[in-house]
Amino acid sequence: MKIDESLPLEYSTEENRLKILGFWIFLGAEIALFSTLFAVYFTLHNGHGDGPSAEELFKITPVMIETVLLLTSSFTIGLGIHAMRLGLKKAMMTFFVITLVLGLGFLGTEIYEFVEYIHEGATIQTSAFTSSLMTLLGTHGAHVTFGFFWGVAILIQVAKRGLTPETANKSFIFSLYWHFLDVVWIFIFSFVYLKGMM
Amino acid sequence: MESHEQQFLILNEPMIVGAMISIVVGALSLFIGITYFKKWGYLWREWITTVDHKKIGVMYILVALVMLFRGGVDALLMRGQTAMPENGLLDAQHYNEIFTTHGVIMILFMAMPFIIGLMNVVTPLQIGARDVAFPRLNSVSFWLFAVGTGLFNISFIIGGSPDAGWSAYFPLASLEFSPTVGNNYYAISLQIAGLGTLATGINFLVTILKMRAPGMTLMKMPMFTWSILITNVIIVFAFPVLTVALALMTMDRQFGTKFFAMQDGGMDMLWANLFWVWGHPEVYIVILPAFGIYSEIISTFARKNLYGYKSMVISMVAISLLSFVVWAHHFYTMGHGVMVNSVFSITTMLIAVPTGVKIFNWLLTLHKGKISFTTPMLYSLAFIPIFTIGGVTGVMLAMASADYQYHNTMFLVAHFHYVLIPGTVFAVIAGFHFWFPKVFGFRLNEKLGKLAFWFITISFNVAFFPLFILGLNGMTRRMYTYSESTGYGPLNMLSFLGAVGLGIGFIILVYNLYWSIRYSPRDETGDPWDARSLEWATHGPVPFYNFARIPQVNDLDAFWYAKKHNKPLWSGPIEKIHMPNNSGMPFLMSGAFFGAGFCLVFSWWIPTIIFTILIFVFMALRSFEQDHGYYVSVEEVERIERELGGEK
């Protein structure tokens with residue numbers, strides 16, 4: 001394996017560079033996926049039938065908590081990657097742990113929110129509005145859940161093997177994924193929740 | 001609702017029982033044969049676990065050929081049923097299932113994998129690379145596609161085939177109107193195969209963007225590689241739409257959501273939109289690589305460089321962009337108003353412009369060329385006029401107001417067969433003949449190849465031209481029978497005879513394969529056609545590392561100029577070569593996908609969850625695995641090169 005010392009660790013081998021480009025393209029596909037889900041939501045969000053409408057359903061408090069948690073986690077993972085570039089394994093792992101804990105907090109709040117919805121008689125089967133809402137939120141939440149386990153796997157590898165071109169590459173790609181989930185959330189926050197509460 | 005009663009094994013239809021018995025007998029004899037000849041180890045080491053792009057390509061093409069047979073039998077049954085008025089070969093339900101599986105199989109399990117197979121074999125060689133960017137992922141792609149194919153194909157014996165058409169429109173495809181598991185199979189098997197296709201898209205984009213030989217700028221890439229690059233961009237942005245559409249279909253059918261429902265705010269037309277937002281780009285996913293194949297073949301056998309290289313590239317980019325903004329032309333008559341219809345009508349007709357540019361470029365490449373009429377060239381030459389008929393009738397259908405007259409008739413069926421068969425099928429057969437010697441080291445027999453060509457081309461026109469007339473006379477598509485007084489009988493009979501001729505043509509093609517494996521003289525040069533691009537610069541069959549030394553590219557058609565001007569493609573000594581390790585994990589993980597998919601079809605939740613967890617276990621294992629590949633030593637490379645008849 002040829003290691004180019006002039007580049008950051010995560011870019012230092014040919015294989016690493018290929019993987020990063022590949023992941024960017026994958027994120028392109030993810031954008032297409034979430035765009036489709038948004039399009040479905042915007043098509044169906046007025047179709048609430050006999051069930052509750054967006055105005056009746058949405059509460060600002062859990063949504064604000066989720067937003068703050070996820071946005072902060074996006075910041076902390078940025079700090080984690082910065083620490084990684086400085087070669088600070090311990091600091092990097094600390095920031096990753098904080099990120100994942102914030103992610104768990106986000107998930108906990110979202111699950112609480114879903115349970116609340118169900119209590120108010122809005123299940124995924126109630127109307128096209130709730131189907132599309134819960135599918136959009138659920139897909140994002142499933143991504144965060146997957147990200148949590150992925151992040152744990154990477155943390156274990158960094159702890160065991162240290163900061164190698166391979167683990168650095170994985171951590172960097174994971175950070176791209178995490179930022180992407182944050183971007184999707186910003187759209188959900190603005191165009192699903194805020195718009196729905198107006 | 002007696003006929004809709006859910007059955008696990010389909011036992012009330014003699015034809016299906018016959019197929020079931022022959023599948024069991026075939027599988028058993030295959031199993032016994034492999035065991036008797038002690039080939040399990042060979043299969044596992046050389047094929048199932050392989051990450052070699054050439055072998056993966058060959059497996060794709062093998063599956064595609066089997067699916068061509070399956071889809072072809074479906075077609076013969078349909079044409080047989082409609083050959084005479086009030087024929088009793090198939091009943092309405094069976095006919096519905098067969099036109100559905102014919103469409104799905106031919107597009108997604110025949111055309112796509114054939115294209116992806118050729119893409120796998122050829123692209124890395126054309127750009128002078130040793131493999132794709134992510135060889136392991138490539139194997140995952142193939143096996144996901146293979147289990148998707150398997151899952152779709154077992155539907156007709158276990159549980160019943162989908163019967164709502166290949167476009168599976170709601171509300172027809174909803175649980176209410178399609179209560180069997182058929183459409184669950186549709187959604188889940190396409191989902192699994194689609195995941196593999198998306199991975200292929202990412203893989204080849206990175207390969208082409210990052211792994212070209214030194215000196216090969218984008219505008220020095222062979223036209224086939226260009227077409228693959230653009231195709232994969234379409235794949236990456238179109239397939240996620242299908243992923244969502246199929247997931248919503250599964251949820252509507254199995255979890256009671258209301259996306260496409262007729263009440264509670266649902267919207268059945270949303271399905272049609274989502275389906276065609278993917279479906280129309282999909283058409284270009286199978287046609288653009290075909291354009292690439294024709295470009296290579298025409299310029300090789302006209303002994304000229306491709307006319308209008310830049311305009312070829314620009315027109316493909318234009319087609320790929322337009323492909324995303326024409327989807328509503330698939331349902332002009334479903335009531336979205338004059339304005340929308342006009343816009344989509346215009347964008348649709350615009351596609352004819354870049355396509356026309358390409359047709360003229362091919363004609364001008366032929367102009368004053370020294371044409372040799374080989375089998376691949378014959379298919380390419382036949383493609384131009386036949387495809388033009390398909391294109392012109394496409395423009396007729398693009399006119400929204402006129403479309404009200406002949407939409408959903410056999411005219412449409414004739415149109416899309418006139419674009420897809422000369423467009424895609426002729427192209428993959430031509431590419432198959434063209435690149436066969438590269439992979440196996442000998443050419444297919446030309447005499448048999450040409451015989452098959454004439455059978456296929458003539459029979460194709462006999463089979464499908466009558467459908468234009470039948471459509472204009474008012475025969476709608478997907479009609480399982482008709483009365484004698486309609487007068488549709490004679491032309492349908494003619495069409496049936498054409499279909500039989502097509503079948504004979506394909507049998508000759510397969511016989512040619514058998515004959516050539518046994519008797520065809522072996523080629524020693526690696527360049528049997530005197531061709532132009534880099535894949536012909538290495539040995540045939542290609543050694544597993546493709547190139548002993550990575551070529552240095554200075555021109556478009558680098559190999560051609562190297563031959564003509566005696567310029568060396570290589571310099572410097574042979575170095576050790578880094579190669580990826582084989583792995584059985586993609587195969588095993590795809591097995592878990594199959595299990596999860598099959599159980600999900602029947603809503604067996606607990607096993608579905610267990611298999612899904614198994615999928616994630618495989619992903620975790622992969623994450624913790626440390627696999628850095630291995631090196632082939634200089635001595636080993638030199639030995640292989642000597643054995644293959646001298647260093648290249």
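For segment B:301-323, state whether one or more residues are free of Cβ contacts under 8 Å to residues at least 24 places away in the same chain, within 14 Å of another protein chain (Cβ to nearest Cβ) and open to solvent by 40 Å² or more (accessible area, probe 1.4 Å). Taking every residue of segment B:301-323 in turn, none turns out to be free of Cβ contacts under 8 Å to residues at least 24 places away in the same chain, within 14 Å of another protein chain (Cβ to nearest Cβ) and open to solvent by 40 Å² or more (accessible area, probe 1.4 Å). Among the candidates A:51, A:80, the residue that is buried (at least 21 other Cβ atoms within 10 Å of the Cβ), within 18 Å of residue A:150 (Cα to Cα) and either out of contact with any Gly (no Cβ under 6 Å at 6 or more places or on another chain) or not aromatic (Phe, Trp, Tyr) (or both) is uniquely A:80.
Here the condition is being in a helix (DSSP H, G or I) and surrounded by fewer than 22 Cβ atoms within 10 Å (Cβ to Cβ); of B:104, B:66, B:121, B:147, it holds for B:66 alone. Cβ-Cβ contacts under 8 Å between residues 6 or more apart (or on different chains), taken from a first residue in segment B:491-514 that is more than 12 Å from residue B:453 (Cβ to Cβ) to a second residue that is open to solvent by 20 Å² or more (accessible area, probe 1.4 Å) and among the β-branched types (Val, Ile, Thr), are listed as B:491/B:469; B:494/B:462; B:495/B:462; B:497/B:462; B:498/B:462; B:501/B:458; B:501/B:462.
Name the residues in segment A:163-176 that are buried (at least 20 other Cβ atoms within 10 Å of the Cβ) and more than 13 Å from chain B (Cβ to nearest Cβ), would you? Answer for segment A:163-176, where residues must be buried (at least 20 other Cβ atoms within 10 Å of the Cβ) and more than 13 Å from chain B (Cβ to nearest Cβ): A:168, A:172, A:175.
Is there a residue in segment A:8-18 that is at the interface with another protein chain (Cβ under 8 Å from one of its Cβ atoms) and closer than 30 Å to residue B:204 by Cα? The answer is yes, given that some residue of segment A:8-18 is at the interface with another protein chain (Cβ under 8 Å from one of its Cβ atoms) and closer than 30 Å to residue B:204 by Cα.
Results for (1) modelled with pLDDT under 90; (2) within 30 Å of residue B:538 (Cβ to Cβ), shown as yes or no for each residue.
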position	(1), (2)
B:568	yes, yes
B:592	no, no
B:603	no, no
B:639	no, yes
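Pairs please, first residue from segment B:570-592 and without any contact (Cβ under 8 Å) to a residue 12 or more places away in the chain and on the phi > 0 side of the Ramachandran plot, second anywhere and of a type outside the set (S, T, N, Q) and open to solvent by less than 50 Å² (accessible area, probe 1.4 Å), Cβ atoms under 6 Å, 6+ apart in sequence or on different chains. Nothing qualifies.
Taken across segment B:6-14, residues that are open to solvent by 20 Å² or more (accessible area, probe 1.4 Å), in a helix (DSSP H, G or I) and either at pLDDT 90 or above or closer than 28 Å to residue B:141 by Cα (or both) do not occur at all.
Residue pairs whose Cβ atoms lie under 8 Å apart, sitting 6 or more positions apart in sequence or on different chains, and linking a residue in segment B:615-640 that is within 12 Å of chain A (Cβ to nearest Cβ) and of a type in the set (S, T, N, Q) to a partner that is assigned to a helix (DSSP H, G or I) and open to solvent by less than 50 Å² (accessible area, probe 1.4 Å), are B:623/A:153; B:623/A:154; B:623/A:157; B:623/A:170; B:626/A:166.
Does segment B:223-246 contain at least one residue that is within 13 Å of chain A (Cβ to nearest Cβ), small (Gly, Ala, Ser) and touching a residue at least 40 places away in the same chain (Cβ under 8 Å)? Yes, segment B:223-246 contains a residue that is within 13 Å of chain A (Cβ to nearest Cβ), small (Gly, Ala, Ser) and touching a residue at least 40 places away in the same chain (Cβ under 8 Å). Among the residues of segment B:465-480, those that are open to solvent by less than 30 Å² (accessible area, probe 1.4 Å) and either without any contact (Cβ under 8 Å) to a residue 60 or more places away in the chain or hydroxyl-bearing (Ser, Thr, Tyr) (or both) comprise B:466, B:467. Does residue B:490 meet the test of being open to solvent by 60 Å² or more (accessible area, probe 1.4 Å) and assigned to a loop (DSSP other than H, G, I, E, B)? When the stated conditions are applied, residue B:490 does not pass them.
Within segment A:152-162, if we keep just the residues that are away from chain B (no Cβ under 11 Å) and modelled with pLDDT of 95 or more, the residue that is nearest to residue B:629 (Cα to Cα) turns out to be A:158. The listed residues are B:45, B:70, and the only one of them that is among the charged types (D, E, K, R) and touching a helix residue (DSSP H, G or I) at 6+ places or on another chain (Cβ under 9 Å) turns out to be B:70.
The lone criterion from (1) within 26 Å of residue B:120 (Cα to Cα); (2) of a type in the set (A, V, I, L, M); (3) out of contact with any helix residue (DSSP H, G or I) (no Cβ under 6 Å at 6 or more places or on another chain) left unmet by residue B:346 is number (1).
Only one of the listed residues (B:277, B:343, B:244) is assigned to a helix (DSSP H, G or I), over 30 Å from residue A:126 (Cβ atoms) and not aromatic (Phe, Trp, Tyr). That residue is B:343. Can you pull out the residues in segment B:567-609 that are over 21 Å from residue B:621 (Cβ atoms) and among the aliphatic types (A, V, I, L, M)? Residues satisfying the conditions are B:569, B:574, B:577, B:579, B:600, B:601, B:606. Cβ-Cβ contacts under 7 Å between residues 6 or more apart (or on different chains), taken from a first residue in segment B:16-36 that is on the phi < 0 side of the Ramachandran plot to a second residue that is assigned to a helix (DSSP H, G or I) and surrounded by 10 or more Cβ atoms within 10 Å (Cβ to Cβ), are listed as B:34/B:40; B:34/B:43. Quick check: anything in segment B:413-429 farther than 30 Å from residue B:513 by Cα and in a helix (DSSP H, G or I)? So far as segment B:413-429 goes, yes, one or more of its residues are farther than 30 Å from residue B:513 by Cα and in a helix (DSSP H, G or I). The criterion of being modelled with pLDDT under 95 and within 30 Å of residue A:123 (Cα to Cα) holds for residue B:269.
Results for (1) touching a Gly at 6+ places or on another chain (Cβ under 8 Å); (2) crowded, with 20+ Cβ neighbours inside 10 Å; (3) modelled with pLDDT of 95 or more, shown as yes or no for each residue.
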residue	(1), (2), (3)
A:99	yes, yes, yes
A:104	no, no, yes
A:137	no, yes, yes
A:185	no, yes, yes
A:196	no, no, no
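Taking into account only those residues within segment B:262-273 that are more than 7 Å from every other protein chain (Cβ to nearest Cβ) and under 32 Å from the mean Cα position of the chain (by Cα), which is nearest to residue B:327 (Cα to Cα)? Selected residue: B:273.
Of the residues making up segment A:17-26, those that are touching a residue at least 12 places away in the same chain (Cβ under 8 Å) and open to solvent by less than 10 Å² (accessible area, probe 1.4 Å) number 1. Could you go through segment A:30-41 and let me know if any residue there is crowded, with 20+ Cβ neighbours inside 10 Å, farther than 24 Å from residue A:180 by Cβ and touching a helix residue (DSSP H, G or I) at 6+ places or on another chain (Cβ under 9 Å). So far as segment A:30-41 goes, no, none of its residues is crowded, with 20+ Cβ neighbours inside 10 Å, farther than 24 Å from residue A:180 by Cβ and touching a helix residue (DSSP H, G or I) at 6+ places or on another chain (Cβ under 9 Å). When B:308, B:292 are screened for being under 15 Å from residue B:359 (Cβ atoms) and under 16 Å from the mean Cα position of the chain (by Cα), only B:292 passes. Restricting attention to segment B:406-415, does a residue exist that is touching a residue at least 24 places away in the same chain (Cβ under 8 Å), in contact with a helix residue (DSSP H, G or I) (Cβ under 6 Å, 6 or more places away or on another chain), open to solvent by less than 40 Å² (accessible area, probe 1.4 Å) and farther than 20 Å from residue B:283 by Cα? Yes - at least one qualifying residue is present in segment B:406-415.
The values are calculated or read from the model by the stated rules, or taken from the named source; none is laboratory data. Keep in mind the model is a prediction, meaning the values are calculated, not measured. Don't worry about glycine lacking a Cβ; one is built from the backbone with ideal geometry, like all the others, and counts go over all protein chains shown. To get the accessible areas, we keep the full protein, side chains included, count just its heavy atoms, and leave off ligands, DNA and RNA. Shrake-Rupley method; radii C 1.70, N 1.55, O 1.52, S 1.80 Å.
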